[in-house]
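K.L.:
Next up is a structure, given as structure tokens.
The values are calculated or read from the model by the stated rules, or taken from the named source; none is laboratory data. Keep in mind that what you see is a predicted model, and the values were worked out from it rather than measured. Note that we place each Cβ from the backbone using ideal geometry, even for glycine, and neighbour counts take in every protein chain shown.
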Amino acid sequence: MVRIGLMASRFSPIDRRDFLARLGAAALGAGLAPASAAGTSQPVTLRAKTGMLALRPGQAETPIWFLDGPSTLLRCKRGETLEMTLQNDVSGPIALNWHGLDGVPAAEPFTGQGQLKTGASTAFSVALRHAGTLFGDLWLHAQGGAPPSRALPLIVEENERQAVDRDEVVLIEDFRLRPDGTAVSAGSDPKGASPVYTVNGLVSPDITAPSGARLRLRFINACQRDVVAVKIEGLEVRVMAIDGQPAEPFFARNGAIVLAPGGRTDAYVDVTSPSGSAPPLLLHDGKQAHAIGKLKIERAIARRTALPPAPALPSNGLPAQLDLKNAQRFDLALNGSEWIAPAGFATTTSPAFRVKLGRVVVLALTNRATIATAFHLHGHHFRLLDRLDDGWKPYWLDTLALQPGETQRVAFLAEFPGRYLLESTATDWAAPKLLRWYSVE
């Protein structure tokens, strides 16, 4: 069982609000050059390829699958359209799964894009309606035998310039390695294997930053199953966005943020540590703490005035109010025979629910498993409702993890017609990913 709230002293106490909402090296270079104005189209070719990754000193590199694009991340502007071509150059079928992409049914795995066979390619358009931190992965490929795969961040920048000195991605991924260095695929029994965490594809890298700088750190939990808490020792973390959507800024309690698998948090960090210091980047997986990197502090920035308080990020235009009184309501247990593994999934099965375009939807999510389970809604972002349905938390989510036996209610406006996936995954390495779908008509 995941017990993020009971972590070692350097992580405790973690804000209960963060826990309920979320339990639920160097800078990466720009991929696509941001356009001068929104509304443009850019061609992008992604290839699923086989590569090697160094995960343990003195042992052979680990075979992986990854998405090969213009660079190690894609960086675009809100309002652009990506004319995307996907080519499968690996030895098995793939499905490209985007986290945070709202209202693009043509890009949906299985409901919009079928599994792509070896040697095949497909093309589709991706309209970037919202600024934020997204990523794509191959997690929905056949598991329990395929090599582990790496994620590809997609950064959609605001059209307004933000007052930060650096904008960095912190992509956290995990692997399970046996003593001989071979990797255990997610969805398989990891007996005898130990976890290895990487940041931006490296084991324990240094992320450099000047003393006195304001950093925008885009934390991405691309771990396969783990709910994690992350902090930089000795520095305050101001949460600015969650799952790619702006939030009312707040300081993370004790400097720690909690990320469900697939979750993202944009944070501002003012570097108050002196030049020459190297505060560690710490991760707790619910069992133990891991030092996964360091923030290496360089010479100080000369400033005439102190850094001002950070204003909220610009809105993406999600509704300020939701009509809960007239909402369509559905109960959705995250465990049951209706949920299907990707290999057997088809939209010929009955949808979990159908909703009319423009209506508010309230989902009562219940975790009947004996361990925490992560839920991911495709196509829309949702509000986490208060217990009495008399309000909601001041942020939007697309990913939520629930404790055993827990029920949470979420609400969203069904503003994008189409068929979209629902994902449910227990927070255990051997657990399968399970799918259902819903329709907005």
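K.L.:
Any chance segment 348-363 includes a residue that's in a loop (DSSP other than H, G, I, E, B), among the aliphatic types (A, V, I, L, M) and surrounded by 15 or more Cβ atoms within 10 Å (Cβ to Cβ)?
P.N.:
Yes, because at least one residue in segment 348-363 is in a loop (DSSP other than H, G, I, E, B), among the aliphatic types (A, V, I, L, M) and surrounded by 15 or more Cβ atoms within 10 Å (Cβ to Cβ).
K.L.:
Would you mind finding the one in 285, 331 that is in contact with a Pro (Cβ under 9 Å, 6 or more places away or on another chain) and either among the hydrophobic types (A, V, I, L, M, F, W, C) or surrounded by 10 or more Cβ atoms within 10 Å (Cβ to Cβ) (or both)? Let's see the steps before the verdict.
P.N.:
Numbers: 331 fails: in contact with a Pro (Cβ under 9 Å, 6 or more places away or on another chain).
Residue meeting the stated conditions: 285.
K.L.:
Among the charged types (D, E, K, R), under 23 Å from residue 224 (Cα atoms) and over 24 Å from the mean Cα position of the chain (by Cα): does that describe residue 56?
P.N.:
Considered against the rule, which asks whether it is among the charged types (D, E, K, R), under 23 Å from residue 224 (Cα atoms) and over 24 Å from the mean Cα position of the chain (by Cα), residue 56 comes out as yes.
K.L.:
Within segment 45-88, can you find the residues that are assigned to a loop (DSSP other than H, G, I, E, B) and either touching a Gly at 6+ places or on another chain (Cβ under 6 Å) or surrounded by 15 or more Cβ atoms within 10 Å (Cβ to Cβ) (or both)? Please lay out each step first, then the result.
P.N.:
Initial filter on segment 45-88 (assigned to a loop (DSSP other than H, G, I, E, B)): 54-61, 69-73, 78-80.
Selection gives 55, 56, 59, 60, 69, 70, 71, 72, 73, 78, 79, 80.
K.L.:
Another question, then. Please work out which one of (1) surrounded by fewer than 20 Cβ atoms within 10 Å (Cβ to Cβ); (2) under 16 Å from the mean Cα position of the chain (by Cα) is the condition residue 117 fails and give its number.
P.N.:
So the condition that residue 117 fails would be (2).
K.L.:
Let me ask something else about it. Let me spell it out: the conditions are (1) at pLDDT below 95; (2) buried (at least 20 other Cβ atoms within 10 Å of the Cβ); (3) within 25 Å of residue 130 (Cα to Cα); (4) basic (Lys, Arg), and residue 383 meets all of them except one. Which number is the exception?
P.N.:
(1)
K.L.:
I would also like to ask the following. Of the residues that make up segment 282-294, is at least one in contact with a Ser or Thr (Cβ under 9 Å, 6 or more places away or on another chain), closer than 24 Å to residue 133 by Cβ and of a type in the set (Val, Ile, Thr)?
P.N.:
Yes, the conditions are met somewhere in segment 282-294.
K.L.:
Quick one: which strands (runs of 3 or more DSSP E) lie wholly within segment 258-334 and hold at least 3 residues that are of a type in the set (D, E, K, R) and in contact with a strand residue (DSSP E or B) (Cβ under 8 Å, 6 or more places away or on another chain)?
P.N.:
Ranges flagged: 264-270, 289-298.
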